[in-house]
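The values are calculated or read from the model by the stated rules, or taken from the named source; none is laboratory data. If you're wondering where the values come from, they're calculated on a predicted model, not measured in any experiment. Every residue, glycine among them, receives a Cβ derived from its backbone with ideal geometry; neighbour counts consider all protein chains shown.
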């Protein structure tokens with residue numbers, strides 16, 4: 001008997017249906033863990049997935065990817081986002097938000113230091129995370145992912 005053949009109570013079935021699923025395979029078996037391999041933080045489980053807007057759910061999972069990417073950066077690099085499908089360049093991620101039901105926003109600056117903002121519909125969401133050299137070599141690297149996680153964990157409304 002496999003997992004799909006097991007008899008479940010209605011409560012177990014409802015819980016299983018509400019639980020997000022993820023899977024990843026890396027070519028290097030010793031690669032650092034990626035978000036799909038890590039347990040979800042408790043803050044993401046406070047509200048059932050089926051009660052979240054597409055924007056909220058995309059925002060929360062992007063936080064996991066950003067934090068994980070930053071954990072692998074050295075002290076000389078900061079996270080940025082490349083624009084997929086264009087040659088516009090990169091946006092150094094300095095803030096991120098969502099606007100229900102379907103918009104995700106990224107705030108920051110481009111490689112020349114120009115203030116930049118991307119407002120993206122969740123159905124068009126494609127994010128390429130990049131490592132850019134720090135904009136100010138004398139200052140410690142910014143880590144937005146850790147601030148995003150702290151905000152998520154301290155805000156019971158999201």
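Take the residues in region 111-158 that are free of Cβ contacts under 8 Å to residues at least 12 places away in the same chain and assigned to a helix (DSSP H, G or I); name whichever of them is farthest from the chain's Cα centre (by Cα). Among them, the one singled out is 154.
Residues in region 24-57 that are in a helix (DSSP H, G or I), over 26 Å from residue 120 (Cα atoms) and in contact (Cβ under 8 Å) with a residue 40 or more places away in the chain: 42 alone.
Matching residues to (1) more than 15 Å from residue 128 (Cβ to Cβ); (2) surrounded by 13 or more Cβ atoms within 10 Å (Cβ to Cβ):
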| site | (1), (2) |
| --- | --- |
| 51 | yes, no |
| 55 | yes, yes |
| 59 | yes, yes |
| 62 | no, yes |
| 65 | no, yes |
| 89 | no, yes |
| 95 | yes, no |
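Restricting to region 97-124, count the residues that are crowded, with 16+ Cβ neighbours inside 10 Å and in contact with a helix residue (DSSP H, G or I) (Cβ under 6 Å, 6 or more places away or on another chain). Qualifying residue count for the region: 5.
Any chance region 98-109 includes a residue that's over 12 Å from the mean Cα position of the chain (by Cα), farther than 25 Å from residue 43 by Cβ and in contact (Cβ under 8 Å) with a residue 12 or more places away in the chain? Within region 98-109, one or more residues are over 12 Å from the mean Cα position of the chain (by Cα), farther than 25 Å from residue 43 by Cβ and in contact (Cβ under 8 Å) with a residue 12 or more places away in the chain.
Counting only residues that are within 24 Å of residue 140 (Cα to Cα) and part of a strand (DSSP E or B), region 72-104 holds 14 of them.
Taking the options 61, 147, name whichever one is out of contact with any helix residue (DSSP H, G or I) (no Cβ under 9 Å at 6 or more places or on another chain) and within 17 Å of residue 44 (Cβ to Cβ). Answer to the check: 147. Among the numbered conditions (1) at pLDDT 85 or above; (2) surrounded by 15 or more Cβ atoms within 10 Å (Cβ to Cβ); (3) touching a strand residue (DSSP E or B) at 6+ places or on another chain (Cβ under 9 Å), the only one that residue 83 does not meet is (1). Per the conditions (1) surrounded by 10 or more Cβ atoms within 10 Å (Cβ to Cβ); (2) at pLDDT 85 or above, the sole criterion not satisfied by residue 74 is (1). Take residue 40 and decide whether it is closer than 25 Å to residue 151 by Cβ and modelled with pLDDT under 90. Against the criterion (closer than 25 Å to residue 151 by Cβ and modelled with pLDDT under 90), residue 40 qualifies. Of the residues 48, 54, 20, the single one that is at pLDDT below 85, touching a helix residue (DSSP H, G or I) at 6+ places or on another chain (Cβ under 7 Å) and within 24 Å of residue 154 (Cα to Cα) is 20.
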